[in-house]
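Written below as structure tokens is the structure these notes are about.
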Ligand SMILES: Nc1nc2c(ncn2[C@@H]2O[C@H](COP(=O)(O)OP(=O)(O)OP(=O)(O)O)[C@@H](O)[C@H]2O)c(=O)[nH]1
Ligand SMILES: [Mg+2]
């Protein structure tokens, strides 16, 4: 028989924990394919939750207790609880479960059924058909929860998961083992732990399902979440997302290119101080292009292709190739401009309102030329200069 352990982190939950363990005992008895046990992780709550649980252990043989000396937040409690459940108590699956009766124990069999169907990670969801948040929550909290989740959907560009912050979850050992090391290196707390855990599991392509449930507001005891959770969560999400976006080579390529355009504009102003006459303008123009090419070359080598960095011996020849590739891009742009001018001609297409700027076929051909030129450059960099290491 497979073993599931319901982990309940507690901090000052002496009244709630009694009801929660009793409610769970009814579900545990009715399970056939799964042996279900409970592990309470108490951070030495000042209200004496530990002693209450020890008393309950005399009545319920499925009840385990882990006491941490220091309060280390929800993330810390779950990490120590998961370690205990998977590595000492031989669990195949754990549940994350709150002590305050917000999570419906009756839903546990549905989670287990999803696992039996082959899912690795099951979320209790308040935002799919059949789920809900408490009606009596204040507008502030409702807003935070609903828009917080939508915000995460947009930020991650992933709409497959509707309840990112839920604390009612079933997680297979395989998932835990795949991401455990990364979790220890980050100092997660509260919602950040939940979102971070889920995000890492998603990136590792585990199969994730959602089961709806009605979240009940806590009746006894106090909430432990505060405004600092929101700040930490936002900072974490931004950091992770920026890292993921910058991990895309094409994004770094585009940023270096845009920076190069800026360098070219500034360099033109500077070179014109030396080459100040109409006759020498061509020289200033040429030198500003070359300055941008040097900047693009340096940043491409140090950043865009940092994993394929050139050796000092490769640099001279590569720099010549880089110049040829840039010349190729300018040639492509010129050819497109020439063809446009000699076929369609420079005809107005539309006028931008307010600033009354006329977009004609010349502007459009320039944009197309720049895009194709960029494609060419990206291709040339990858194929001739920063070749994939074998
Ligand atoms: N061990 C441990 N448990 C914690 C800690 N912080 C919160 N918990 C427990 O984690 C669970 C969720 O915390 P809650 O305060 O209920 O958070 P919430 O459900 O988002 O907020 P409410 O709806 O107001 O209850 C509860 O069982 C808490 O007792 C902690 O630092 N250590
Ligand atoms: Mg709660």
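The values are calculated or read from the model by the stated rules, or taken from the named source; none is laboratory data. In this text the structure is predicted, and so the values were computed from the model without any measurement. Here the Cβ positions follow ideal geometry from the backbone for every residue, glycine too, while neighbour counts run over all protein chains shown.
The combined condition, being assigned to a helix (DSSP H, G or I), within 34 Å of the chain's Cα centre (by Cα) and either at pLDDT 95 or above or not assigned by TED's automatic domain parsing to the domain that holds residue 138 (or both), is fulfilled by residue 261.
Listed by position, the helices (runs of 4 or more DSSP H) inside the range 48-150 whose residues that are under 23 Å from residue 11 (Cβ atoms), within 11 Å of ligand 1 (Cβ to nearest atom) and assigned by TED's automatic domain parsing to the domain that holds residue 204 number at least 1 are 49-59, 73-83. I'm checking my understanding of the structure. Among residues of the range 25-48 that are within 16 Å of ligand 2 (Cβ to nearest atom) and closer than 18 Å to residue 91 by Cα, which one is surrounded by the fewest Cβ atoms within 10 Å (Cβ to Cβ)? Looking at residues that are within 16 Å of ligand 2 (Cβ to nearest atom) and closer than 18 Å to residue 91 by Cα, I get 41.
Within the range 164-212, the set of residues being part of a loop (DSSP other than H, G, I, E, B) and within 16 Å of ligand 1 (Cβ to nearest atom) comprises 164, 165, 166, 167, 168, 187, 188, 189. Scanning the range 120-175 for residues that are touching a residue at least 12 places away in the same chain (Cβ under 8 Å), in contact with a helix residue (DSSP H, G or I) (Cβ under 9 Å, 6 or more places away or on another chain) and within 20 Å of residue 211 (Cα to Cα) yields a total of 27. Considering only residues of the range 221-256 that are touching a helix residue (DSSP H, G or I) at 6+ places or on another chain (Cβ under 8 Å) and not in a helix (DSSP H, G or I), which is surrounded by the fewest Cβ atoms within 10 Å (Cβ to Cβ)? Looking at residues that are touching a helix residue (DSSP H, G or I) at 6+ places or on another chain (Cβ under 8 Å) and not in a helix (DSSP H, G or I), I get 225.
From the set of residues in the range 74-97 that are surrounded by 20 or more Cβ atoms within 10 Å (Cβ to Cβ) and more than 21 Å from residue 119 (Cβ to Cβ), which is nearest to ligand 2 (Cβ to nearest atom)? Step by step, filter the range 74-97, then rank; the result is 74. Residues in the range 176-211 that are touching a residue at least 60 places away in the same chain (Cβ under 8 Å) and more than 14 Å from residue 76 (Cα to Cα): 10 in all.
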